[in-house]
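FYI, it's all coordinate maths here, none of it is from the lab. All values reported here derive from a predicted model rather than from experimental measurement. Note: ideal-geometry Cβ built from the backbone for every residue, glycine included; neighbour counts use all protein chains shown.
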Amino acid sequence: MSTETTRNLVPGGGDVLLRVENLVKHFPVKSGKLIPTEREYVHAVEDVTLEVRAGETLGLVGETGCGKSTLARCAARLYPVTSGKVIFNGQDITKLSARRMRPLRREIQMIFQDPYGSLNPRRRVGSIIGDPFAIHRTAKGEDRKRKVQHLMELVGLNPEHYNRFPAEFSGGQRQRIGVARALAFQPKLIICDEPVSALDVSIQAQILNLLSDLQRDLGLTYIFIAHDLSVVRHVSNRVAVMYLGKIVEESPVDGMWAHPRHPYTDALLSAVPLPDPEHAAQRERIILAGDVPSPIHPPSGCRFHPRCPKARPTCVSTEPELISRLGDDADHRAACHFPVEDGEDISLSTPSIAEDERVVESGLIAGA
Amino acid sequence: MALLEVKDLHVSFRTDDGIVKAVRGVSFGVEPGQTLGIVGESGSGKSVSTQTVMGLTRGAEVEGQALFNGRDLLKMTKAELAEIRGAQIGMIFQDPLSSLHPFYKVGWQIIEMLRLHDKEITKSAARKRAIELLSLVGIPQPDRRVDDYPHQFSGGMRQRAMIAMAMANNPALLIADEPTTALDVTVQAQVLQMINRLQQEFGTAVILITHDLGVIADVADDVVVMYGGMVMEQADRMTTFKSFHHPYTEGLLQSLPAYGGERARLRAIPGTPPSPINVPPGCPFAARCPYVMDRCRTELPPLEIAGEAANHLSRCWLPHNAAARQAVRVKLDQSLPVSAEA
């Protein structure tokens, strides 16, 4: 399995830029009772260890509510972490005060999904992009305007549109405004949280190309969160798949697509509709039963066991480690006791665990 | 005979900024048991077309015909249309949360749908049928979940409940407007599989509106590609993906990241869609088209047969003969300066 191509290796060595260690994030849930007897928590991120190397793009994928955005926000210190460590550029930033964090904020930036919601409609574009300079008090007046116009040019906006309002721009152009704002201080790390999900395909391609040009020209590192797996494959060097707050598989992108080891990854990849009717007809679809369980009371053992076609008693009792499986390279890790072999069709498997530990569906789906 | 035949549909809205011409002469049809995919970007008029057909566009100026079983839906009174809507034509929308009433139990809403169109059915029979329908769409423990409120359902379950409701009266036609856009891929696969099975079981015709070419490649028999309120290309699925004629179809397919093979730079379509208010003369795609010719900017090309098959229509001045078309493209490619995006 050690035939992975080298093109996934990050050019220029790739020191670890960001490392999260045993990161845990719980959110308290409001209980409906007058006198709460027991506090409940959403286990959004549970014991995640992950590295991002300088110059690479790490794709973070998973379904709604799997904790991918929470993980990224914890890594940017936008949320305080419940436990664990965040190490940025060799420095432990987990417990830094707001004041000590401030200079580091310039180096970690975010781009958000919704180009309509993330820009104040009543402020001019020049002033929105100039915000970072104002907040960090680094440039004023003409100097700021010049810098902002330079940024606008960098992301493919017309600098003469400095005085326009966000409403005068299309969705794709607004996303460029968001990118320009994130680039103000030549950050090292940009967290892109679903940056193209709200855009039409033709515009999506423009923004993806822009992001990759900027990465090449400015040596940026991205954490790229998306639910569109084709997009993630296109932009990422490495990919981490999350399920219910845990990383279930992590690998260079080609290794992941060639040999998905975790049944969840396998199902996720097979569920992507391909824009090619010939291919679509040939392909075996793995259709998972049921929905993601509640993150308030996550399942025991492997969190995927209630929906997994390969589940066995061990999966209910013991949590699998995230390690290299079936002779894969050391950087391809999967958290599964019974990883998927090459060429195996997991839709033919039936779980051998008690019925009440499984997701059972009636009607058509179960008869599939 | 086609089950639904839309002919030369025009829809426009009066706004403070001027008249928005959302749909400009759209025709399509769907046969019983077939799936018609309508694909296009935001503002292409794909949703407005079907909503108009169902009488759901208030305040719009509508011209054209929409023949359902030979009767024109656009000429019907509100009462006549209400009889057909929900009974013979079911609808599913993108956002299941806003299509289900939060105050009423899911089962109650399905029962209401059944009783509205079948005055004979008893309450208990309707409830039994509602449980059957929920079971049919794969809701676990349907006899218990029938008494749940929409907020107790997950997104995927709500969308399935919507489908149960749309299928309640065994409609001849199901209009699904972005039915899986708000769902995760694994749930999307469940929902698409279910629509497909229901279609096979009951012979329902489906009009599937989406921006996702992957979904279209999966389920559509015929495909209509819309842009700027017009049909740009229309063909069966294989032709649409493999031997398309229109540069917009080509652009859409090329701007998608490849799922296998090399990760080359994406070929984005430069620019943005035209304004529906000041509609430019000529082809709506001219401003973004890599093969644009002088004629395209002034004269609107007709939608005409563009290939070997009679059902392959394209609205483009490029030659219909594949070899001649290729020659024009190569010539234009060479003369074209490398244009900046956007």
Hey, can you rank A:253-264, A:193-204, A:215-226, A:155-166 by average C-beta count inside 10 Å, highest first?
-> A:253-264, A:193-204, A:215-226, A:155-166
Per residue of B:203-212, other chain Cβ atoms within 10 Å number on average 1
Which residue, B:GLY214, B:GLY59, B:GLY229, tops the fluctuation ranking in a GNM of chain B built on C-alpha contacts under 10 Å?
-> B:GLY59
Provide the percentage of antiparallel DSSP beta bridges, counting only those with both residues in chain B; round to the nearest 5.
-> 60
When we measure straight from the Cα of B:LYS78, which lysines land under 21 angstrom away, once same-chain ones fewer than 8 places off are left out?
-> B:LYS7, B:LYS119
Give me the distance in nm between label points sitting 7 Å out from Cα along the Cα-to-Cβ direction at A:THR138 and A:ALA98, one decimal.
-> 2.1
Mean Cβ count within 10 Å, highest first, over the residues of peptides A:57-66, A:300-309 = A:57-66, A:300-309
Positive-end residue of A:SER294, A:ILE346, A:PRO277, charge dipole of the stretch A:275-366 with Cβ unit charges = A:SER294
Compare the peptides A:142-150, B:163-171 by average per-residue count of other Cβ atoms within 10 angstrom and give them in order, highest first.
-> B:163-171, A:142-150
If every Lys and Arg gets +1 and every Asp and Glu gets -1 at its Cβ, then about the Cα centre the protein assembly as shown yields a dipole, in debye to the nearest 20, of 2640
Stretch in chain B that is longest and holds no trypsin sites (Lys or Arg not before Pro) that DSSP places in a loop and that have at most 10 other beta carbons within 10 Å | B:120-342
Simple SL model, points at 7 angstrom along Cα→Cβ for A:LEU218 and A:ILE323; separation in nm is 4.1
Using DSSP, restrict attention to beta bridges with both residues in chain A and report what percent are antiparallel, rounded to the nearest 5.
-> 60
Bridge orientation stat for the protein assembly as shown from DSSP, antiparallel percent rounded to 5, came to 60
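If you put +1 on each Lys and Arg Cβ and -1 on each Asp and Glu Cβ, how big is the dipole of the stretch B:135-252 around its Cα centre, in Debye rounded to 20?
Dipole about the Cα centre, nearest 20: 260 debye.
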Counting partner chain Cβ atoms within 10 Å of every residue's Cβ in A:276-287, what's the average?
-> 5
Using only Cα atoms, locate the centre of the stretch A:131-164 and the centre of the stretch B:229-308, then give the distance between them in Å, rounded to an integer.
-> 35
Would you grab the residues whose amide H sits under 5 Å from the one on B:VAL231? Only those 5+ places off in sequence or on another chain, please, with H modelled 1.01 Å from N.
-> B:SER27
What is the average number of partner chain Cβ atoms found within 10 Å of a Cβ in B:249-259?
-> 6
What FRET efficiency would be calculated for the residue pair A:PHE185, B:SER124, taking the C-beta separation as r and a Förster radius of 56 Å, to the nearest 0.05?
-> 0.25
Report the calculated FRET efficiency for B:ARG265 and B:VAL330 (r = Cβ-Cβ distance, R0 = 25 Å), to the nearest 0.05.
-> 0.75
Quick one: if you stick a label point 7 Å off each Cα along the C-beta vector at B:SER42 and A:ASN163, how many nm between them?
-> 2.7
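Net charge around A:ALA139, counting only other residues with Cβ within less than 11 Å of its Cβ (Lys, Arg = +1; Asp, Glu = -1)?
Result for the neighbourhood of A:ALA139: +4.
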FRET efficiency, 1/(1 + (r/R0)^6) with R0 22 Å, evaluated for B:ALA82 and B:LYS7 via beta carbons | 0.45
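Grab the Cα-Cα distance for A:GLU153 and A:GLU21, subtract it from 0.36 nm times how many residues apart they are, and report the gain in nm with one decimal. Kindly include the intermediate steps, with their values, before the conclusion.
Working: separation 132, 0.36 × 132 = 47.52 nm, distance 3.83 nm.
Using 0.36 nm per residue and subtracting the Cα-Cα distance, I get 43.7 nm.
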Per residue of the stretch B:303-317, in order, report the coupling 6.51 cos²θ - 1.76 cosθ + 1.60 (Karplus, θ = phi - 60°) as ³J(HN,Hα) in whole Hz, putting x for Gly and Pro.
-> 8, 9, 4, 10, x, 6, 7, 6, 8, 9, 10, 9, 10, 7, 7
In the protein assembly as shown, with Lys and Arg counted as +1 and Asp and Glu as -1 at Cβ, which of these residues, B:VAL23, A:VAL201, A:ILE129, has the Cα nearest the positive end of the dipole, that is, farthest along it?
-> A:ILE129
